[in-house]
Amino acid sequence: MLEAFLTHEFWLSLEYLPIAEQIGATWWFPLINSLHVLAISFMLGALLMLDLRIAGLAATRYSVDDLAKDFLPWIWFSFVIACLTGTGLFITRASAHMLNPAFQWKMLLMVIAAANMMMFHWLSLRHRRSQQPSVNVPALLKWSAVLSLIIWAGVMLAGRWVGHIV
């Protein structure tokens, strides 16, 4: 069943879309690739600062809420740009990417990162409802932040390998 999904003709049909052909055959590809890397860099820079604060490893003079207000817009905006540019890169070789183990790992880790993020938001909402001003970040939230950093490092490593595994 998984093999049928990975080898479905839909993935090949994406490569023949006019936009995919335009991206793959012109200067659009290096431009989109560069924008993808920049978006990821902005996202991970902001995420690193926020996760390190939540984990209690950096910027402990600042409240998590203040840093979240500053960094979450950067994280989300950069993430959206990274997804859009990543989609543009993906469609140029969709059928090959679907069979690429590095791409498969990248997508799996992104799903895990999303699940971790949903769990984090659920836990942080519970924490904020019961929070006293002097209460520290709960250990589970700290571990979620550390896990976020590890998962995103894995996404980046897998993404870097996508172009090297054919």
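The values are calculated or read from the model by the stated rules, or taken from the named source; none is laboratory data. Note that the structure is predicted; figures quoted are calculated from it, not measured. In this analysis, Cβ positions are derived from the backbone assuming ideal geometry, glycine residues included, and neighbour counts consider all displayed protein chains.
Residues of the stretch 13-36 that are surrounded by fewer than 14 Cβ atoms within 10 Å (Cβ to Cβ), among the aliphatic types (A, V, I, L, M) and within 28 Å of Leu157 (Cβ to Cβ): Leu31 alone. The one condition from (1) at pLDDT 95 or above; (2) surrounded by 14 or more Cβ atoms within 10 Å (Cβ to Cβ) that Gly56 does not meet is (1).
Take the conditions part of a helix (DSSP H, G or I) and in contact (Cβ under 8 Å) with a residue 24 or more places away in the chain and apply them to Ser34. Does it pass? Spelling it out, it is not the case that Ser34 is part of a helix (DSSP H, G or I) and in contact (Cβ under 8 Å) with a residue 24 or more places away in the chain. More than 24 Å from Ala113 (Cβ to Cβ), in contact (Cβ under 8 Å) with a residue 24 or more places away in the chain and assigned to a helix (DSSP H, G or I): is that true of Gly24 in this structure? Considered against the rule, which asks whether it is more than 24 Å from Ala113 (Cβ to Cβ), in contact (Cβ under 8 Å) with a residue 24 or more places away in the chain and assigned to a helix (DSSP H, G or I), Gly24 comes out as yes.
Which helices (runs of 4 or more DSSP H) does the stretch 39-132 wholly contain that include 3 or more residues that are over 17 Å from Ala153 (Cα atoms), among the aliphatic types (A, V, I, L, M) and touching a residue at least 60 places away in the same chain (Cβ under 8 Å)? Show your work before the answer.
Numbers: elements: 64-92, 94-99, 101-130.
It comes to 64-92, 94-99.
Here is a yes/no grid of residues against (1) of a type in the set (Asp, Glu); (2) at positive phi; (3) in contact with a Leu (Cβ under 7 Å, 6 or more places away or on another chain):
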residue: Glu21; (1), (2), (3): yes, no, no
residue: Trp27; (1), (2), (3): no, no, no
residue: Ile32; (1), (2), (3): no, no, yes
residue: Leu38; (1), (2), (3): no, no, no
residue: Gly45; (1), (2), (3): no, no, no
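You will find that of Leu44, Leu35, Leu99, the residue that is more than 19 Å from the chain's Cα centre (by Cα) and closer than 30 Å to Ala20 by Cα is Leu99 and no other.
Yes/no matrix, rows are residues, columns are (1) at pLDDT below 95; (2) aliphatic (A, V, I, L, M):
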site: Arg61; (1), (2): yes, no
site: Pro73; (1), (2): yes, no
site: Thr87; (1), (2): no, no
site: Leu123; (1), (2): yes, yes
site: Ser130; (1), (2): yes, no
site: Pro133; (1), (2): yes, no
site: Arg160; (1), (2): yes, no
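Against the condition surrounded by 19 or more Cβ atoms within 10 Å (Cβ to Cβ), small (Gly, Ala, Ser) and modelled with pLDDT of 95 or more, how does Ala145 come out, does it pass? Answer is no for this residue.
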